[in-house]
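Taken together, the values in this text are just the output of simple stated rules run on the coordinates, not laboratory data. These numbers were taken from a predicted model, which means no experiment stands behind them. Cβ coordinates were reconstructed from backbone atoms using ideal geometry, including for glycine residues, and neighbour counts include every protein chain displayed.
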Amino acid sequence: MVKNCPHCNQSTEPEPGFYFGAMFISYAINTAFFLIVWTALTLIYPDYSLTVLLTLLALTVILLLPLTYRLSRTIWIYIFVKYKPEIELEN
C-alpha cells in the first residue's frame, strides 16, 4: 500500500501494528469465501471428497489473497479514518 493517500495525504499506517485488527476482518472475509465454495461444491457435485474440498478451499485462499489483504486493510482503516471528499491536497 502507498504510505500516504494521494488525495488528502492521510497516512495509511497511523501507528505501528495498526492493521493487527484487519486480520479479524480478513478472517471473516475468508470464512464467507469458504462458505460460498462449500455451498457451491455441495450444489454442483454432492459426492465430493474431503481432498477435493480442501484443495478448492486452498486454491480460493491463495488466488483471492491479494483481494482479501487490501480489502481487509481498507475496511479497517475506514473504521477509524473517515473519508472527507472536501479535503484537497495543495500542490
field: Selection status of Tyr48, in contact with a Ser or Thr (Cβ under 9 Å, 6 or more places away or on another chain), in a loop (DSSP other than H, G, I, E, B), hydroxyl-bearing (Ser, Thr, Tyr) and surrounded by 11 or more Cβ atoms within 10 Å (Cβ to Cβ)
entry: yes
- prompt: Restricting region 51-62 to residues that are under 30 Å from Met1 (Cα atoms) and surrounded by 11 or more Cβ atoms within 10 Å (Cβ to Cβ), which is farthest from the chain's Cα centre (by Cα)?
  reply: Thr55
field: One residue from Tyr83, Tyr78 being under 21 Å from the mean Cα position of the chain (by Cα), assigned to a loop (DSSP other than H, G, I, E, B) and of a type in the set (Phe, Trp, Tyr)
entry: Tyr83
